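Structure, as structure tokens:
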């Protein structure tokens, strides 16, 4: 097999990202692997992107449960407005 | 309303990132629930049922918003943002530092989520919407393309931009100190 051509960090990062979305072709996998073998910073970057993917689903739960909550609650005005809208619909 | 209002509001705010839009989504949810209350089968909790309605309202908003914008402009903007991370031969301007988040530590850390929230806010709305559906709600790519009316290639570009930008933003604002 021909030696895979060394790709740039930019192309490598694109392939890392797409590997989360689709199956990379055998050639793409080889190119990415060859780049990662010689590039410390892209290896770190790939680890970080994977780690972030694992953390992100916790975001909503964190926002909903951290005490005191990160974000504010519905304002009293908003509550009143929503109740008013509900009452109007009931009539 | 008093029982679930704040929960729904925070759920909507986390995704829409705009208090006014989140309030409207909650209001629409309660109105839809009132209208369709006979459909509530009691199979799930009331909160789960309301959250399900709210999710639809939020995705409707994403879809409407996506329709108002020319996808080609959007793709160019995302591609430019990706290019800005690299020089002319595709080397990153700023070499990534070596850090790794500890999931257990950051999960409980309010400040971390606040930093993440601020980083998400820096993305253009449609890019953030796509990213939230994919990485936070874990929707399948094809469902997001359908929701937003975009192609798979558009989706990949948007997600890639969001990932690069978020990685950099977290590095600059959170992991910088821990890596030093």
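Nothing in this text is a laboratory measurement; each read-out follows from the coordinates by a stated rule. None of the values given here were measured: they were computed from a predicted structure. Cβ atoms come from the backbone with ideal geometry, glycine included; neighbour counts cover every protein chain shown.
Here the spin labels are modelled as points 7 Å beyond Cα on the Cα-Cβ line, and at residue A:91 and residue B:140 they lie 4.7 nm apart. The calculated P(r) of chain A, using every Cα pair and 5 Å bins from 0, goes 2, 11, 15, 12, 10, 7, 7, 7, 7, 7, 5, 5, 3, 1, 1, 0 in percent.
Relative contact order, whole percent, for chain B stands at 24, derived from Cα pairs under 8 Å and 6 or more residues apart.
Remark: spin-label model distance residue B:45-residue A:29 equals 4.3 nm, labels positioned 7 Å along the Cα→Cβ axis.
Using a 10 Å cut-off around each Cβ, can you sort B:132, B:150, A:6 from fewest to most neighbouring Cβ atoms? It would help to have the intermediate numbers written out before the result.
Working: B:132 24, B:150 19, A:6 13.
Least crowded to most crowded, the residues run A:6, B:150, B:132.
So for B:1, A:80, B:148, A:16, fewest C-beta neighbours within 10 Å to most, what's the order?
Numbers: B:1 16, A:80 11, B:148 24, A:16 21.
With the sparsest Cβ surroundings first, the list reads A:80, B:1, A:16, B:148.
Using the alpha-carbon atoms, what tilt in degrees (0 to 90, nearest 10) does helix A:9-19 show relative to the longest principal axis of chain A? Approximately 60 degrees, to the nearest 10. Helix B:46-67 axis versus longest C-alpha principal axis of chain B: approximately 50°, rounded to the nearest ten. In this rough spin-label picture, where each label sits 7 Å from Cα along the Cβ direction, the residue B:121-residue B:38 distance is 4.5 nm.
For residue A:21 and residue B:55, what is the calculated FRET efficiency with R₀ set at 25 Å and r taken between the beta-carbons, to the nearest 0.05? Each step should come with its number before you reach the end.
Working: r = 22 Å, r/R0 = 0.88.
The formula returns an efficiency of 0.70 here.
For chain B, the longest principal axis of the Cα atoms and the long axis of helix B:19-35 meet at an angle of about 30 degrees.
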